[in-house]
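Presented below is the structure to which this report refers.
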Amino acid sequence: MTDLMETLYSYTLNTSFTGLLCTDAYRSLNALLDRLDGELRQKLAAGGEEVLETYQDALAEQRDLDLAAMFQAAFSLARELK
């Protein structure tokens, strides 16, 4: 991403993006994920929690890359519509 895109992306993540996640559906999904995380941790054998942490870190990194790609696609589309 260019410096301008990085700045806009950072601004979007820190302002309007989080406000769009304040929905009942998002809160319900978050509650489910928290519950499942707790259940999974209880059922893991010794040493399994480290694998789970590594897996969750990789998922978070993938999510960040997905968000950046979506932003870049939307930014490109907005430039084309100009």
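Values in this text are rule-based calculations from the coordinates and carry no lab data. Note that this is a predicted model, so its numbers are computed, not measured. FYI the Cβ positions are ideal-geometry reconstructions off the backbone, even for glycines, and counts take in every protein chain you see.
With the crude spin-label approximation of a point 7 Å out along Cα→Cβ, what separation in nm comes out for Ala25 versus Lys82?
So the two model labels end up 3.1 nm from each other.
What FRET efficiency comes out for the pair Asp57/Ser16, r = Cβ-Cβ distance, R0 = 35 Å, nearest 0.05?
Working from the Cβ atoms, E equals 0.85.
Just add up the charged neighbours of Ala31: K/R +1, D/E -1, any other residue whose Cβ is under 14 Å from the Cβ of Ala31.
-2
For the chain, take every pair of Cα atoms, bin their distances at 10 Å starting from 0, and report each bin as a whole percent.
Spelled out bin by bin, the chain gives 14, 33, 29, 18, 6, 1 percent.
Add -39500 (n - 2.57) for each DSSP H run of 4 or more in the chain, then divide by its residues: what number comes out at 222 nm, to the nearest 500 deg cm²/dmol?
Calculated from helices alone, the mean residue ellipticity at 222 nm is -29000 deg cm²/dmol.
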